[in-house]
Amino acid sequence: MPFPKVYGSYTSPPDVSTCALGRVRITPSEDCCNKILQAYSSPPPPDLTEKQSKNFKKQVHKTVVNTANSEIKRYTKNYDCVDVEVTLSDILLQSTSGDIAAAFLDAGAEAVVVSKEGAELSRVDKRRIVVNWGEGEGEDITELGNSLNFTDITQASAISPTSFFSSYKNPTGVRKVITLQSSSTLTVPSVVALLKSGWDVCVEGWDSTSLSQAFAATVKTDRQDGLITTVVADRKGVAIGLVYSNRESLVIAITTGRGVYWSRSRGEIWKKGETSGCHQTLYRVDLDCDGDAVRFMVKQHGEPKPAFCHEGTEGCWGDNGGLCGLERTVKDRLVNSVEGSYTRRLFEDEVLLRNKLVEEAQELSEAKDKRHIAEELADVLYFAMVRAVKGGVGMEDAIKVLDERSKKVTRRQGDDKKDRIEAANQILKGKK
C-alpha cells in the first residue's frame with residue numbers, strides 16, 4: 001500500500017501550490033453543475049435514426065466532459081500531474097442516471113466521492129469510487145468494505161475515530177481515508193498522528209502551509225543530520241538529480257511551488273535557480289512506499305537549455321539518451337541544422353515528412369522478427385518526433401495525453417477509418 005497521504009478538500013480554487021501534494025478533492029461549482037444538468041436534459045431532435053441517436057448521446061457526453069474538464073482545470077493548474085477526487089451529490093447522480101460520474105472520470109478525475117447510495121448510482125468501476133461514510137451511517141463499516149472493492153472509504157469527522165478505526169478491518173487493496181473539517185482545534189500534530197496510524201487524511205479547507213507541515217512531519221529519516229533523500233525527476237519520470245531536503249525546505253517548496261532543497265555544503269536552504277537562473281516549477285511531491293525518501297516532479301527551466309546540473313546538462317548523470325535524447329537532438333536541428341541535414345529537409349518538406357510517416361508505419365505493421373520490429377519502431381518514432389517538434393509538441397505533451405486517456409472509463413469502439421486507410425493507400429501506391 002502507498003504511504004499515507006495528506007491532502008485538501010475544496011469548494012473553490014485553492015492555492016495552486018497545494019496541489020503539489022499530489023492529490024486534491026474538489027466540489028464542482030453550482031454553475032458547473034447547472035451546465036451539466038442542462039446538457040443532459042437537452043431533448044434530441046425528432047425522428048433520429050439509431051445511428052443519429054447514438055451520435056447525439058456521444059455529443060452530449062462530449063459536452064459534459066469538456067465542462068467537467070474545465071472545472072477540474074479551474075481548481076488544479078497542473079491537473080494531469082495530480083490525482084483529483086470529485087465530490088458528487090446524490091441529486092446530481094440521480095438527475096443524470098449516474099452518467100455524471102463517468103463524465104468526470106473521462107475529464108481527468110482519478111475518483112468520484114459519493115455516498116453509500118451514490119456508489120450504486122455511479123455505475124463505474126468500484127476502484128474509481130470513494131465512499132463517503134458520513135454522519136448517521138453508523139460505525140461498523142466492515143460489511144461494506146468487504147463486500148465492495150472500493151479504493152477508498154471516507155469517514156466524516158463527526159464519528160468517533162477511535163471506535164471507527166477499531167471496527168474497521170481493512171480489506172486488501174482498500175485505501176482508508178478520514179475527512180476532517182478545518183477548525184481552531186484541528187492541529188498539525190493531530191493530523192500527523194492519524195497519518196502515522198496508517199490513514200490518509202483529507203482536510204477541508206486547509207491551506208498549503210498546514211498541509212505541507214503535516215506532510216513534512218510524516219517523512220522518516222535514519223540520518224543523524226535529519227536530512228531526507230530527495231530524487232528530482234522531470235515530467236517524463238526521468239531522474240535528473242539526487243539532493244537532500246529537511247522539513248523546513250519541504251514546507252517552503254510546497255507552499256511556493258518551486259524546487260527548494262537543503263544545501264549540505266552551505267548548510268542553508270537552497271532555492272534552485274536563485275543564482276543560476278535554472279529554477280524549477282514543482283508539479284508534485286511524493287513519498288516512497290516506506291516513507292523515507294521523497295520524489296519531486298518538476299519542470300526544469302534555464303537558458304540556453306533547461307539544465308539541472310551545474311555542468312549544464314539535463315541531469316547530474318549527463319544528458320538523457322533514448323527518446324529524451326532523440327527529442328533533444330531533433331529540437332536542436334530545428335534551429336541549428338547544417339546544410340544537408342536530413343532532419344532539416346523533413347522540416348522544410350511537409351509532403352516528404354507525411355509520406356515517410358505513412359511508409360514507416362506500414363513497414364512496422366508488416367515487420368516479423370523482433371529486430372525488424374524494433375528497427376521499424378525506431379524509424380516511426382524518429383519521423384513522429386520530427387512532426388511533433390515541428391508542431392511545437394514535446395514528449396511531456398504526449399505523456400500528458402496518455403495519462404489523461406488512462407483515466408477514461410468510456411471507451412471508443414476503435415474501428416479503422418476507411419477514409420484514412422484509403423488516403424494512406426494512395427500515398428503508398430505513389431511510391432511504388
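The values are calculated or read from the model by the stated rules, or taken from the named source; none is laboratory data. Model, not experiment: these values are computed from the prediction. Cβ: placed from backbone, ideal geometry, glycine included. Neighbour counts: every protein chain shown.
A few comments on the model shown:
- Total residues in the range 191-217 satisfying the condition of being modelled with pLDDT of 90 or more and surrounded by fewer than 18 Cβ atoms within 10 Å (Cβ to Cβ): the figure is 1.
- Filtered residues of the range 319-341 (kept if exposed (fewer than 12 other Cβ atoms within 10 Å of the Cβ) and more than 27 Å from the chain's Cα centre (by Cα)): Val335, Asn336, Val338, Glu339, Gly340
- Complete set of residues in the range 68-79 that are β-branched (Val, Ile, Thr) and either surrounded by fewer than 12 Cβ atoms within 10 Å (Cβ to Cβ) or outside any helix (DSSP H, G or I) (or both): Thr76
- Pairs are defined by a Cβ separation below 8 Å, a sequence spacing of at least 6 or placement on different chains, a first member in the range 106-121 that is within 23 Å of Arg411 (Cβ to Cβ) and touching a residue at least 60 places away in the same chain (Cβ under 8 Å), and a second member that is in a helix (DSSP H, G or I) and of a type outside the set (A, V, I, L, M); the pairs so defined are Asp106/His61; Gly108/Asn69; Gly108/Tyr79; Gly108/Asp80; Gly108/Glu404; Glu110/Arg128.
- Consider the range 303-331 and keep the residues that are touching a helix residue (DSSP H, G or I) at 6+ places or on another chain (Cβ under 9 Å) and either farther than 12 Å from Val238 by Cβ or in a helix (DSSP H, G or I) (or both). The one that is modelled with the lowest pLDDT is Lys305.
- The criterion of at least 3 residues that are of a type in the set (A, V, I, L, M) and within 20 Å of Lys35 (Cα to Cα) is met by the following helices (runs of 4 or more DSSP H) wholly inside the range 81-137: 90-95, 99-106.
- Only one entry in Val232, Val188, Val243 is crowded, with 18+ Cβ neighbours inside 10 Å, aliphatic (A, V, I, L, M) and over 25 Å from the mean Cα position of the chain (by Cα), namely Val188.
- Taking residues in the range 279-294 that are small (Gly, Ala, Ser), and partners anywhere that are assigned to a strand (DSSP E or B), the pairs with Cβ atoms closer than 9 Å and at least 6 places apart or on different chains are Ala293/Ile228; Ala293/Thr229; Ala293/Thr230; Ala293/Val231; Ala293/Leu287.
- For the range 400-432, residues that are closer than 16 Å to His61 by Cα, in contact (Cβ under 8 Å) with a residue 12 or more places away in the chain and charged (D, E, K, R) total 2.
- Helices (runs of 4 or more DSSP H) within the range 181-293 that include 3 or more residues among the hydroxyl-bearing types (Ser, Thr, Tyr) and assigned by TED's automatic domain parsing to the domain that holds Lys77: 208-218
- Applying the condition of being over 18 Å from Ile91 (Cα atoms) and among the basic types (Lys, Arg) to the range 30-67 and asking which residue is surrounded by the most Cβ atoms within 10 Å (Cβ to Cβ) yields Lys62.
- Residue among Glu348, Glu314 that is among the charged types (D, E, K, R) and more than 24 Å from Ile427 (Cβ to Cβ): Glu314
- Candidate set from the range 364-401 (those that are β-branched (Val, Ile, Thr) and in a helix (DSSP H, G or I)); member that is surrounded by the fewest Cβ atoms within 10 Å (Cβ to Cβ): Val401
- Some residue of the range 40-54 being within 29 Å of Lys176 (Cα to Cα), assigned by TED's automatic domain parsing to the domain that holds Ala103, in contact with a Ser or Thr (Cβ under 9 Å, 6 or more places away or on another chain) and assigned to a helix (DSSP H, G or I): no
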